[in-house]
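Peer 1: Take this structure first; my questions come after.
The values are calculated or read from the model by the stated rules, or taken from the named source; none is laboratory data. Everything quoted here is computed from the prediction, not taken from an experiment. No Cβ is skipped: glycine too gets one built from the backbone with ideal geometry, and neighbour counts run over all protein chains shown. Side chains are part of the model used for accessible areas, which takes the heavy atoms of the whole protein and leaves out ligands, DNA and RNA. Shrake-Rupley method; radii C 1.70, N 1.55, O 1.52, S 1.80 Å.
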Amino acid sequence: MSSQSHRLASGGLIDRSTPMNFTFDGKPMTGYAGDTLASALVANGVRLVGRSFKYHRPRGILTAGSEEPNALVELRSGARREPNTKATTAELYDGLEAASQNRWPSLRHDFLSVNQLASPIFVAGFYYKTFMWPAALWEKLYEPLIRRAAGLGRAAEAPDPDSYEKAWAHCDVLVAGGGPTGLAAALAAGRTGARVILCDEGTQFGGRLLSDGGEIDSMPSGEWAAKALAELEALPNVRIMARTTVTGVYDGGVHSALERVSDHLPVPPAHTPRQRLWRIVARRSVVAAGAIERPIVFPGNDVPGVMTASAMRTYISRYAATPARRIALFTNNDDGWKTVEAALAAGLAVAAVVDSRAEISAAQRETARGAGFAILNGAVDRVDGGKDGIGSISVALAGGARATVEADGLAVSGGWNPALALTSYHRGRPKWRNDIAAFVPDSPPPGMHAAGAANGSFGLAACLADGHAAGASAASDLGFSKSAGKASSAADAPETPLSPVWHVAGKGKAFVDYQNDVTASDIELSAREGFQSVEHLKRYTTLGMATDQGKTSNVSGLAIMAAVTGRSIPETGTTIYRPPYVPTSMGALAGTNRGEHFHATRLTPSHHWAEEQGAVFVDTGLWKRAQWYPRAGEKDWLESVTREVRTVRSGVGFCDVSTLGKIDVHGPDAGAFLDRVYINTFSTLAVGKARYGLMLREDGMVYDDGTTSRLAEDHYFLTTTTAKAGPVMQHLEFCRQVLFPELDVQLTSVSDQWAQFSIAGPKVRDLLREIVDPEEDLSNEGFPFMGVREVALRGGIRARLFRISFSGEMAFEISVPARFGDALVRNLMRAGEPFGIIPYGTEALGVMRVEKGHVAGPELNGTTTAGDLGLGKMMSSKKDYIGRTMAGRDALTAPDRQVVVGIRPTDKARRLRSGAHLIPMGEMPEPSTDHGYVTSVCFSPMLDQWIGLGLLARGRDRIGEVMRAHDPLRGEDYDVEICNPVFYDPEGGRQRG
Amino acid sequence: MRIACPYCGPRENGEFSYLGDATPVRPSLEQGVDAMLDYVFLRDNVAGEMQELWYHGGGCRAWLKVTRNTLTHEISAVEAARGAGAAKVGKR
């Protein structure tokens, strides 16, 4: 157990009655409930927490919030290991394991810190300059080396065991940030009755009040915040969300917010997600995100022990943890002085205040006199030190003299940058305000208003007034007329204006962007080499491109570029941001859509039965379809599929085809409508008949195919392919609503309403007689090929029977309401037993369609015309239809187009594979001799050899030609014969019976 | 982004799919291939307000004509697209 050597004896917002054990790099330590990992490390006297990205410099904690660039650690272990987590926002819990990153073999002795010695080659753009030659070494040497050296933390290697979810919320006014401004805004809006959501990224509401104290409405600010929160909690129209960062704003008032539901616990409780990603629809939003203190750029400004002034007093006042025993302050503004007051109040020594301003208030002089420290008018131009912290602090005094300050902590304040990221997400460019030397929001997204420090109003009184006004006006804009109540008040002390200090020149590395190791001299180099625009600066130096998005560095970098190029800051440019405001885990973005829940799963009506049979399933879109039904003793899929095909062709089998898209087309103009969407004619189809139909896209290419039946004068039943069920429905609705509104026709998707089975084979009638009412005439005369009608099944269920065939066998498709699908399939098996019935899967279905030369997905690939598929004769010349005009274009009717042909290897034992290119014999395989390719293949049990379909230029004139099948991907080259695509029963006698 | 479907109310954009410009009118067969080429392929790249076709596939399956500013993404009107692409009878 460590002793919490740097914990004050009293004070702070920590719960000393709840100690918490944790480890850092394996070393056991203790903190308290209410600590962050960073504050607990501070309390344990830990200064060195990580190594920097490029130079492996020793780094400490710089800030106390989500802007932290340095203190990135790995949390947890095993499958929950989480890299690059900010110690400053990670809440401490009992048992927390944390580890430093980017060091080897240990944090104190890091081998790659030699990179500092080689630093001349690590300047901006070093990737482009250093690893230029030879190019071949990039992949094998440079990139692996750079990746090993430059990575930060290590991701977990096992699947994340925790769950994540996404949720929607709606409100009138969203308040982002729960400091004084946000609380005031939420109170004002909430009192009017508006629905308010108040989010804060921390656990406790109050923002800077938690660290800086002060008085509001004549009470301690902590008491005021508690009272405000209690009033908000009592309002039923207000929702308070802690640990929730508003991370983005999108069109139409949609905001994203990340709620860290269980990050503060070792393991999420049962049925509770780790994180929740919110989409909050807000009619108005108030950005009360506060401001971020900026460091000053000077040599050695990254030595552990150098901290932003506000962070230092947060650790001292809020966490009763002392980053140093004897502190110095380097500031250019009055706010920094609050850290001196906090240090003195905690009984710490103050070594000196280095203030860049000549004018120091009487009160500040009095403070210095009372505490016995010097006020030095000048600037810190070097901090010496390293992994053990600060050695000494060198000061260049205004008059030219020098001074040295001995301190183990240096608080730095270069002023404050409003946290305006949310306001710039719609490309609203911030505007420069000289009086505070900072950018403030301008032209935020519609309905958004920045208030308080986020809008450049830094005083407490100003924040309260601004927040109240923003909340009240958002509510009144929306028509909430009840009173917003009285604004809270505070007194702001008069301030001496800030005097901008961005960069103090001196010897040594002066860091602008700590996380990406971008120095002031990198920016100077970028300017010298011509990369002076902000956009170039960013990309050339990587300034602001780390996971902190340059929250502490962008404005300073811009200011240095402005100084180097002799321009003003607003002339140099502005910097805007992209969401998310804080790094968001992939888990939160995925929510519940992971693993088997990545998408919905659709099960066919016979699925459970097929599962009982041990079927092997294949994913086709969202569907799971039975691919084949293995039997004991079968050595592989091919043996099972071959058996299924042989059984169907010699006996009877059935296949679940419920996945086909099914659309009911109703109305007096149903036939006319179908005539316009299919290339062939349906208005003349007799009631009780089915017809194969082909649809084109408007550009003339084939879109989809299927059979459509006429069930009544004004009722057609249309089927689509499985893959295109949704798109065809959308297309038909487009035609109906947008193109042909004059037609009286209605479309209804009935894909899920019907269980449909194809029953095929010479014994199909024998089987059907067992399940169909004996009164039904199933003979060729009573039920001819392409006939359709409703029949009664034994037992009374009504079914639709379609005499259509995809397999080329005598076949029927039977459909029953989906709820009877399972019963039907069990009945088929029982009734079919005497005939040796088997179920067959999609593989056997595919084999039989290739044997019959039927085209499917691989041929309907978006580049083929009806003519290419051998279906050109179906194109009616008597009517307009979608795609007709464009299908007539020269290139779509050219004689050298690739058309569907049959293909078989000349060596009967040879396996054919799809994707092989068809090259004329004697030619070298190259693009100019590539005449086509193999699209679909199967082993044909009927021909006892591999066969296939392909697309071949002038293919119909080349039947009998032997060509070379060239397959460079698999290293195969063999001879094939081009043949008629209908391999089996070309006369079609079997299906016509 | 959210679209206020005239039948279903404001719904999130995941329920909709986008087609494109709502102004082209499908030429009749007699207008020939040039008119059809224009209709199928040629679109203006509008910077500003444009009328677009959106399909509410995750809702009522209505095709909608949405007036949207491509610069600000602001949606100023949503109506049923009924007949938006219909050839005008007698106007060839």
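Peer 1: Starting with the highest mean, order A:233-242, A:665-674, A:611-620 by the number of other Cβ atoms within 10 Å, averaged over the residues of each peptide. Mind dumping the intermediate values first?
Peer 2: Details: A:233-242: 16.0, A:665-674: 20.0, A:611-620: 14.5.
Most protected by this proxy first, the peptides run A:665-674, A:233-242, A:611-620.
Peer 1: A further question on this structure: Might you work out the accessible area of A:R911 for me, using a 1.4 Å probe with all protein chains in place, and round it to the nearest 10 Å²?
Peer 2: Number for this one is 100 Å².
Peer 1: Going toward the positive end of the dipole of the stretch A:804-856, with +1 on Lys and Arg Cβ and -1 on Asp and Glu Cβ, which of A:V847, A:G821, A:A811 do you reach last?
Peer 2: Selected residue: A:G821.
Peer 1: Under the definition of partner shielding as Cβ atoms of other protein chains within 10 Å of a residue Cβ, what is the mean value for peptide A:879-892? The partial results should precede the final answer.
Peer 2: On the way: counts 1, 6, 1, 1, 2, 2, 14, 6, 0, 3, 3, 1, 0, 0.
The mean count of partner-chain Cβ atoms within 10 Å per residue comes to 3.
Peer 1: Grab the beta carbon distance between A:R108 and A:S17, set R0 = 30 Å, and tell me the FRET efficiency rounded to 0.05. The partial results should precede the final answer.
Peer 2: Numbers: r = 34 Å, r/R0 = 1.13.
For A:R108 and A:S17, the calculated efficiency is 0.30.
Peer 1: Can I ask one more? Calculate, in nm to one decimal, what A:K878 and A:E406 gain on full extension: separation in residues at 0.36 nm each, minus their alpha carbon distance.
Peer 2: Numbers: separation 472, 0.36 × 472 = 169.92 nm, distance 9.74 nm.
My answer for the length gained is 160.2 nm.
Peer 1: If DNA, RNA and ligands are ignored and the probe is 1.4 Å, what is the ranking of B:M36, A:M874 by accessible area, most exposed first? Let's see the in-between values first.
Peer 2: Numbers: B:M36 0, A:M874 45 Å².
My answer, sorted largest first, is A:M874, B:M36.
Peer 1: A follow-up question, please. Once the Cα gyration tensor of the protein assembly as shown is found, what semi-axes does its equivalent ellipsoid get, as square roots of 5 times the eigenvalues, in whole Å, sorted largest first? Working shown, then result.
Peer 2: Details: eigenvalues 978, 221, 175 Å².
Its equivalent ellipsoid spans semi-axes of 70, 33, 30 Å.
Peer 1: Continuing with the same structure: Kindly flag which residue pairs out of A:K724/A:K878; A:K689/B:K65; A:K662/A:K908; A:K27/A:K86; A:K689/A:K763; A:K27/A:K338 have an alpha-carbon separation exceeding 29 Å in this structure.
Peer 2: Values: A:K724/A:K878 27 Å; A:K689/B:K65 38 Å; A:K662/A:K908 40 Å; A:K27/A:K86 19 Å; A:K689/A:K763 23 Å; A:K27/A:K338 34 Å.
Too far apart for the 29 Å limit: A:K689/B:K65; A:K662/A:K908; A:K27/A:K338.
Peer 1: If I stretch the segment between A:K27 and A:M586 completely, what's the gain in nm (0.36 nm per residue apart, minus their alpha carbon distance), one decimal? Don't skip to the answer; put the middle values down first.
Peer 2: On the way: separation 559, 0.36 × 559 = 201.24 nm, distance 3.01 nm.
Gain on stretching A:K27 to A:M586: 198.2 nm.
Peer 1: For A:R239, which sequence-distant residues (separation of 5 or more, or a different chain) have an amide H within less than 5 Å of its own amide H, given hydrogens modelled in the peptide plane?
Peer 2: Residues meeting the amide H criterion: A:V196, A:I197, A:L198.
Peer 1: Where only protein heavy atoms count, and the probe is 1.4 Å, what is the accessible area per residue for the stretch A:148-297 in Å²? All intermediate terms of the calculation are to be shown ahead of the outcome.
Peer 2: Working: 5510 Å² over 150 residues.
Computed with neighbouring chains in place, this is 37 Å² per residue.
Peer 1: Can you list the residues, at least 5 places off or on another chain, whose amide H is less than 5 Å from the amide H of A:A450, using H built in the peptide plane?
Peer 2: Amide H neighbours of A:A450: A:V287.
Peer 1: Report, to the nearest whole %, how much of the accessible area of the protein assembly as shown belongs to carbon and sulfur atoms, 1.4 Å probe, protein only. Intermediate values should be presented prior to the final figure.
Peer 2: Numbers: 23440 of 44270 Å².
Answer for the protein assembly as shown: carbon and sulfur cover 53 percent of the accessible area.
Peer 1: For the residue pair A:E495 and A:V750, what label-to-label distance in nm results when each label sits 7 Å from Cα along the Cα-to-beta-carbon direction?
Peer 2: Once both label points are built, they end up 7.3 nm from each other.
Peer 1: Now, a different point. Which whole number gives the average, over all residues in B:72-84, of C-beta atoms from other chains lying within 10 Å of the residue C-beta? Let's see the in-between values first.
Peer 2: Numbers: counts 5, 6, 3, 2, 0, 0, 0, 0, 3, 5, 4, 6, 5.
If you average over the peptide's residues, the count of other-chain Cβ atoms is 3.
Peer 1: How large is the helix-only mean residue ellipticity at 222 nm for chain A, computed as the sum of -39500 (n - 2.57) over DSSP H runs with n ≥ 4, divided by its residue count, in deg cm²/dmol to the nearest 500?
Peer 2: Working: 26 runs with 214 residues, N = 993.
-6000 deg cm²/dmol, from helical runs alone.
Peer 1: As a test question: what accessible area, to the nearest 10 Å², does A:E223 have when a 1.4 Å probe is rolled over all protein chains in place?
Peer 2: Its accessible surface works out to 110 Å², give or take rounding.
Peer 1: Return the FRET efficiency for the residue pair B:D34, A:D773: r is the Cβ-Cβ distance, R0 is 56 Å, and the value is rounded to the nearest 0.05. Present the calculation step by step, with values, prior to reporting the outcome.
Peer 2: Working: r = 58 Å, r/R0 = 1.04.
It comes out at approximately 0.45.
Peer 1: Report relative contact order for the stretch A:917-988 in percent, whole number only (criteria: Cα-Cα under 8 Å, sequence separation at least 6).
Peer 2: On the way: 106 pairs, mean separation 19.8, N = 72.
Relative contact order, the stretch A:917-988: 28 percent.
Peer 1: Here's a follow-up. Enumerate cysteines in the protein assembly as shown without a disulfide-compatible partner, where compatibility requires another Cys Cβ under 4.7 angstrom.
Peer 2: A:C171, A:C199, A:C463, A:C655, A:C735, A:C938, A:C979, B:C60
Peer 1: Okay, moving on. B:C5's amide H: which non-local residues (gap 5+, or another chain) put their own amide H closer than 5 Å, with H modeled 1.01 Å from N in plane and none for Pro or chain starts?
Peer 2: B:R11
Peer 1: I want to check the label-to-label distance for A:R913 and A:K140. Put each point 7 Å from Cα in the C-beta direction and report it in nm to one decimal.
Peer 2: For A:R913 paired with A:K140, the spin-label model returns 2.8 nm.
Peer 1: Right, here's the next one. With a 1.4 Å probe on protein heavy atoms only, work out how much accessible surface A and B bury together, total over both chains, in Å² to the nearest 100.
Peer 2: Separately minus together, A and B give about 2400 Å² buried.
Peer 1: Nearest 5 is fine: what % of DSSP beta bridges in the protein assembly as shown come out antiparallel, could you say? Walk me through the intermediate numbers first.
Peer 2: Working: 149 of 198 bridges.
Roughly 75 percent of the beta bridges in the protein assembly as shown run antiparallel, per DSSP.
Peer 1: Using a 1.4 Å probe, how large is the accessible area of B:C8, given in Å² and rounded to the nearest 10?
Peer 2: Looks like 60 Å² after rounding.
Peer 1: Then there is this: With contacts defined as alpha carbon pairs under 8 Å and 6 or more residues apart, what's the relative contact order of chain A in percent? Before the final figure, lay out each step's value.
Peer 2: Details: 2374 pairs, mean separation 89.0, N = 993.
The value is 9 percent.
Peer 1: Ok, one more. Relative to the longest principal axis of the C-alpha atoms of chain B, give the angle of the C-alpha long axis of helix B:32-41, reported between 0 and 90° and rounded to the nearest 10°.
Peer 2: That works out to roughly 20 degrees.
Peer 1: Just to be sure I understand the interface: list residues from the stretch A:724-751 that lose 50 Å² or more of accessible area between the chain on its own and the complete protein assembly, 1.4 Å probe.
Peer 2: SASA drop of 50 Å² or more in the stretch A:724-751: A:Q730, A:F734, A:Q737, A:V738, A:L739, A:P741.
Peer 1: What whole-number value in Å² describes the accessible area per residue of the stretch B:2-80 for a 1.4 Å probe? Walk me through the intermediate numbers first.
Peer 2: Details: 4130 Å² over 79 residues.
Solvent-accessible surface per residue comes out at 52 Å².
Peer 1: Given the Cα-Cα distance of A:D957 and A:M545 and 0.36 nm per residue of separation, how much length would full extension add, in nm?
Peer 2: On the way: separation 412, 0.36 × 412 = 148.32 nm, distance 6.09 nm.
Result for the pair: 142.2 nm of gain on full extension.
Peer 1: Could I ask something else about it? Please give the Cα centre distance for the stretch A:182-216 versus the stretch A:414-436, rounded to the nearest Å.
Peer 2: The distance from the Cα centre of the stretch A:182-216 to that of the stretch A:414-436 comes to 21 Å.
Peer 1: Can you give me the C-alpha center-to-center distance between the stretch A:744-818 and the stretch A:476-494, rounded to a whole angstrom?
Peer 2: Centre-to-centre (Cα) distance: 73 Å.
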